[in-house]
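Written below as structure tokens is the structure these notes are about.
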Amino acid sequence: MSPYDEKIKAEEVKAEMLKAYPTKVARKRARQIILNEVQAGDVVPEIKANTRTIPGIITMRGCSYAGCKGVVLGPTRDIVHITHGPIGCSFYSWLTRRNQTRPEKATDANYMPYALSTDMQEEQIIFGGEKKLKQAIDEAVALFNPKAIGIYATCPVGLIGDDVHAVAREMEEKYPHINIFGFSCEGYKGVSQSAGHHIANNKVFTDVVGLTHNRKPGKFVVNLLGEYNIGGDAFEIDRIFEKCGITVQATFSGNSVYEEFISAHMADLNMVMCHRSINYMADMMEKKYGIPWFKVNFIGAESTAKSLRKLADYYGDKELTARIETVIAEEMPAVKIVQDEIKPRCEGKIAMMFVGGSRAHHYQDLFNEIGMKTVSAGYEFAHRDDYEGRKVLPSIEVDADTRNIEELTVQPDPQSYKARLDETRKTTLAAKGMALNDYEGMMAQMDNGSLVIDDLNHHEAEVLIEKYHPDIFCAGVKEKYVVQKYGIPMKQLHSYDYGGPYAGFKGAVNFYKEIDRMINTKIWGMIKAPWDIHPQVVAKYGWE
Amino acid sequence: MLLRHTPKEIVERSALTVNPAKTCQPIGAMYAALGIHKCLPHSHGSQGCCAYHRSALTRHYKEPVMAGTSSFTEGASVFGGQANLLEAIQNIFTIYQPDVIAVHTTCLSETIGDDISQITGKAQEEGKIPAGKYVIRASTPSYVGSHVTGFANMVKGMVEVFSGASDEKEDQINVIPGFVEPSDMAEVKRITREMGIQAVAFPDTSEVLNTPQTGRYEMYPKGGTTIPELKSTGRSRHTLALGQLASGPAAKLLDAKCKVPCTLLNLPIGLRNTDIFIETLRQVTGASVPEALRLERGQLLDVITDMHQYFYGKKVALAGDPDHLVALTQFLKDLDMDVRHVLTGTPGKKFVNRIAEITGPNVNAYEAKDMLYFHQLIKNEPVDLILGNTYAKYIARDEDIPLVRTGFPIYDRIGHQYFPLFGYQGGLRFLERILNALMDRQDRDAPEETFELVM
């Protein structure tokens, strides 16, 4: 289709989506379903994001607890996570996110296979649950004696007035060798998981980061923020870094340990993968410790190479630059072989993706590498800056739901603040086109006429599938089998369908092969039985 | 070791649950509601509850699981969720057009005291419920009972709204299959059909959560108990409630409300409990047992006698839900297996006695305990076989004990959607799975000289 036709089609699809809605719903959704149009200076249309999901709408979104305990803190293996609430929240966040972890020794702490809960009963709802929480902490200490304990508040906790922070302080006095901290991440906070990310970032920043000052050995020491090691992505990134001679001080939070968090401020630089879930941390560490950050994307071989070169530019070290170029040169041929084999079978096919706060952007790069185009994409819980770029931050309206999430005021630390870059270096980097502390957002990269949809819901997904017949659709487990019933392959980009890694060079190869398998399998052509293809039967008896 | 921090020594805990052997009420209510034809479950609480329940059910069934949510924010949590629920009801009927919305509560809406009967009444008054459409409801606070309680409460909610008392009885019975798989619900219907009995099975998730691939997505699949069927339950002559915990409350309500007498039975798992189920069907309806079922019974019995040596004396540990555990324990005892540990996270003191009645006092039976405790019991007294859900695989791997997956959730294998555990054929398949697990283990571990060709 010509770009003109594409635009008409997108407009028709949008109208079709809105048609089914009551007026109030249609009005709100119209501002969240946007036809992309990139103008000079990467100016894109405004999209409504990070606002409430309308009650009754079948949404993909989850809650603040899921964002806090499930996403940000969950992947850390040696913090004991206690969920304070009725049993469900702890049960559902028990190992379901596939954050891989690899303790070095058989005796090292690994609490990830354990789900801890106060299993609140009616008695605690009526008389308060702090006593039970304290007792639970005693019992957790007796069982595990960990370095750190996180307490996660679920919906009823805030309502009945339990103070998880006061309990944390009290129990820390009792167990001075254990860092105990609470998260007010009740499920009703904010409008999605996103609120939970922010709450998690705040507490880790105030109570964990900066407690010790151990810098790992190495010339180039960086943090990787917003990489949660689903399917082993962080392992592949670590492999590449090691080859390049880069030391990872801390990853937030895939395959991470507490010791790395507490000295994370000793790094030279923060590289941000998932902008949505961790940009607060990057921002606060820059203000308090003077650590600059930039956005990276290790999803896609070309994107990985680009991110590594960005790192080389940042340091401006000849040896590092040369080494990075050598690594890229070493890794790329294996990628190209698979790319060349698979591309002819995938070229021109169309994809859609609706996930998270960054994956719906990152994975477009991977699809591009095998000639596939993303005609529609959107995030589940992102904010306007993830779509339109951080340049829109000052113009984002702060509504009541956002105001309820604490925004920390951060000052430079008198002891530990150290500007990593002087003004001259900053100017040089800017001249080279290095965007520090910035993210351009998803829309600037997408074609004109593509449909960008925030908080896509079930009805809209159905319209998209029926109107576009995409060759592949990417979202989460709740959407997986809806899409596949249509006879269209569906790739989960949260859990990776229990595969991966898809990051880095090896991950790209895995992904190309996976998409080729999914799109080109014979099975989609076998849905119709022979008697449905040719329903007319002439003969009376088969053997006549 | 994955569970490397689990100590062998048991220290009783009173406040901390580690690795739960239950989950919360709303998921059971959501599952039950999916067993009504053209019903959309609705979670009155934060979005996360709905997302978690849908994800868990989807992982277990590998099928679409649709449900709405009231999407509470901080404002709704403070001022009450009435506006959210009213808006949700209107939006759902307009956009998704179900025949029934089945609203269940959450710990959040229960804690703030939302009265969903009053709110759905208001929706009715305001004309938000179209003619011929229904909103049913269940109060399912997550801080009481377990997922099984939530299932029972929603089934009770179906009786509350749909079942009407009538002096005109129909020649039919009700069967409430319990918190079991779609395949089990289908098996209940097949058995009654084989016997020529007119039966209403509710709820019924068969052909809802095991639908075929047709290239067309149906938001409301073919399966599920229909509204006319549900309405007719008050005119049935009898109710068989399978599983005391999951089906008992609805059956008792049908008796009280519509004077439909009920019989509470164990789940028809294994020889003895299937015998009791079929004998009760015969007694209640006067139907005779057809040749087809006699054949199936004989085949199950035949395999038990043929393979008895592989079952005899084998030590088993079971974790799961009470209704299942009672029936499974009976089956295992009838195979002369040695039931060592039986544990559920669902609270209820009666459970321990019911297990002991089957096994005798020499058993570790526990209610309201967790999987860490279960693991510790196994460490202290090892077993030959574990029956439990997917989470038991971490224990099975660490302790190197074969696991046969039973119960909920099963995230890592298929089969439960399609092949029943109920009935003689379900028993037969279950035996096959147990034998495969035990005999594969024997083959793996046998010294070369006793590696058997024929077993």
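The values are calculated or read from the model by the stated rules, or taken from the named source; none is laboratory data. Treat the numbers as computed from the prediction; the structure is a model and nothing was measured. Here Cβ is always computed from backbone atoms with ideal geometry, including for glycine, and neighbour counts include all displayed protein chains. What goes into the accessible areas is simple: the full protein's heavy atoms, side chains included, and nothing from ligands, DNA or RNA. Shrake-Rupley method; radii C 1.70, N 1.55, O 1.52, S 1.80 Å.
With 21 Å as the limit, the listed pairs B:Lys369/B:Lys393; A:Lys189/A:Lys391; A:Lys105/A:Lys147; A:Lys147/A:Lys287 have A:Lys189/A:Lys391; A:Lys147/A:Lys287 beyond it between alpha carbons.
For B:Leu318, the residues whose amide H sits under 5 Å from its own are B:His341, B:Val342, B:Leu343, B:Leu387, ignoring neighbours fewer than 5 places away on the same chain, with H placed 1.01 Å from N. Taking label positions 7 Å along the Cα-Cβ direction at both B:Lys38 and A:Phe127, the computed distance is 5.0 nm, reported to one decimal. Entry note, chain B: the mean residue ellipticity at 222 nm calculated from DSSP H runs of n ≥ 4, each adding -39500 (n - 2.57), is -14500 deg cm²/dmol after division by the residues and rounding to the nearest 500. Within straight cross-link reach of A:Lys540, meaning Cα distance under 19 Å, which aspartates and glutamates are found once same-chain residues fewer than 8 apart are removed? Hits, sequence-local ones excluded: A:Asp532. Along the axis of the charge dipole computed for chain B (Cβ charges of +1 for Lys and Arg, -1 for Asp and Glu, origin at the Cα centre), the listed residues B:Phe351, B:Gly196, B:Tyr31 are led at the positive end by B:Tyr31. Only Lys, Arg, Asp and Glu carry charge here, each on its Cβ (+1 for the first two, -1 for the last two); on that basis the protein assembly as shown has a dipole of about 680 debye about its Cα centre.
Computed with a 1.4 angstrom probe on protein heavy atoms, the B-A interface buries about 6700 square angstrom of accessible area in total.
To put it simply, the accessible area of chain B at a 1.4 Å probe is 49 percent carbon and sulfur.
Full extension of the chain between B:Glu207 and B:Val11 yields a length gain of 66.0 nm, computed as 0.36 nm times the residue separation minus the alpha carbon distance. Structural descriptor for the range B:332-442: relative contact order 18 percent, calculated from alpha carbon pairs under 8 angstrom and at least 6 residues apart. Cα gyration tensor of the range A:287-394, axes a ≥ b ≥ c as square roots of the eigenvalues: rounded (a/c below 1.5), prolate (a/b > b/c) or oblate? Because a/c hits 1.5 or more and a/b fails to exceed b/c, the range A:287-394 counts as oblate. Charging the Cβ of each Asp and Glu at -1 and of each Lys and Arg at +1, and nothing else, the dipole of chain A about its Cα centre rounds to 480 debye.
Relative to the globular-protein estimate of 2.2 N^0.38 Å, the Cα radius of gyration of the protein assembly as shown stands at 0.96. Shape verdict for the range B:25-162, please, from the Cα gyration tensor: rounded (a/c under 1.5), prolate (a/b greater than b/c) or oblate. It is rounded, given that a/c, with a ≥ b ≥ c, falls under 1.5. By how many degrees, between 0 and 90 and to the nearest 10, does the Cα long axis of helix B:423-445 differ from the longest principal axis of chain B? It is inclined by approximately 40 degrees.
Fully extending the segment from A:Val538 to A:Glu46 would add 171.0 nm, taking 0.36 nm per residue of separation and subtracting the current Cα-Cα distance. Taking other residues whose beta carbon is less than 11 angstrom from the beta carbon of B:Cys50, and scoring Lys, Arg as +1 and Asp, Glu as -1, yields +3. Which of the listed residues, B:Tyr424, A:Gln536, A:Gly499, is farthest toward the dipole's positive end in the protein assembly as shown, when Lys, Arg count +1 and Asp, Glu count -1 at the beta-carbon? Value: A:Gln536. Modelled spin labels at A:Glu16 and A:Ile337, positioned 7 Å past Cα toward Cβ, are 4.3 nm from each other. Note on A:His177 and B:Asn436: with the Förster distance fixed at 45 Å, the Cβ-Cβ geometry gives a FRET efficiency of about 0.35. With each label modelled as a point 7 angstrom along the Cα→C-beta vector, the A:Lys391-B:Tyr310 pair spans 7.0 nm. The DSSP beta bridges internal to the protein assembly as shown are antiparallel in roughly 10% of cases.
For chain A, the relative contact order works out to 19 percent when only alpha carbon pairs closer than 8 Å and six or more residues apart are counted.
Contact order, relative form, for the range A:64-207: 35 percent (alpha carbon pairs under 8 Å, 6 or more residues apart, mean separation divided by residue count). With R₀ set to 45 Å, the beta-carbon distance separating A:Glu347 from A:Lys287 gives a calculated FRET efficiency near 0.45. In order along the range A:221-233, the Karplus-derived 3J(HN,Hα) couplings, from 6.51 cos²θ - 1.76 cosθ + 1.60 at θ = phi - 60°, round to 10, 10, 9, 10, 9, x, 10, 9, 6, 6, x, x, 4 Hz, and Gly and Pro are given as x. Near the amide H of B:His42, within less than 5 Å, lie the amide hydrogens of B:Gly68, B:Ala102, B:Val103, B:His104, all on another chain or at least 5 residues away, with H placed in the peptide plane.
Relative to the longest principal axis of the Cα atoms of chain B, helix B:182-194 runs at roughly 90 degrees.
Simple rule: put +1 on each Lys or Arg Cβ and -1 on each Asp or Glu Cβ in the range B:173-288, find the dipole, and look at B:Leu230, B:Val180, B:Thr280; the Cα lying farthest toward the positive end is B:Leu230. Taking B:Glu229, B:Glu399 and ordering them by how much accessible surface each has at a 1.4 Å probe, largest first, produces B:Glu229, B:Glu399. Computed from the C-beta positions of B:Asp171 and B:Ile414 and an R0 of 51 Å, the FRET efficiency is 0.85 to the nearest 0.05. One decimal place: the segment A:Glu37-A:Ile8 gains 9.1 nm when fully extended, by the rule 0.36 nm per residue minus the C-alpha distance. For chain B, the dipole from Cβ point charges (+1 on Lys and Arg, -1 on Asp and Glu) about the Cα centre works out to 740 debye, to the nearest 20.
Taking all protein chains into account, the per residue accessible area for the range B:173-288 stands at 36 Å² (1.4 Å probe).
Return the subset of A:Lys28/A:Lys373; A:Lys28/A:Lys480; A:Lys131/A:Lys174 for which the Cα-Cα distance in this structure is over 20 Å, preserving the input order. Pairs exceeding 20 Å: A:Lys28/A:Lys373; A:Lys28/A:Lys480. Which shape class, rounded, prolate or oblate, goes with the range B:98-196 when its Cα gyration tensor gives a ≥ b ≥ c as root eigenvalues, a/c under 1.5 marks rounded, and past that a/b bigger than b/c marks prolate? Because a/c hits 1.5 or more and a/b fails to exceed b/c, the range B:98-196 counts as oblate. Restricting to lysine pairs 8 or more places apart or on different chains, what number in the range B:25-162 have Cα atoms under 21 Å apart? Taking the Cα cut-off of 21 Å, the pair count is 6. Compared with the dominant Cα axis of chain B, that is its longest principal axis, helix B:270-285 is turned about 40°. Taking amide H atoms as placed 1.01 Å from N in the peptide plane, the amide H of A:Leu225 lies under 5 Å from those of A:Phe252, A:Met271, A:Val272, A:Met273, each 5 or more residues away in sequence or on another chain. Computed over chain A, the per-residue total of -39500 (n - 2.57) for DSSP H runs of n ≥ 4 gives a 222 nm mean residue ellipticity of -13000 deg cm²/dmol, rounded to 500. Take each residue of peptide A:474-484, count the partner chain Cβ atoms within 10 Å of its Cβ, and average: the result is 5.
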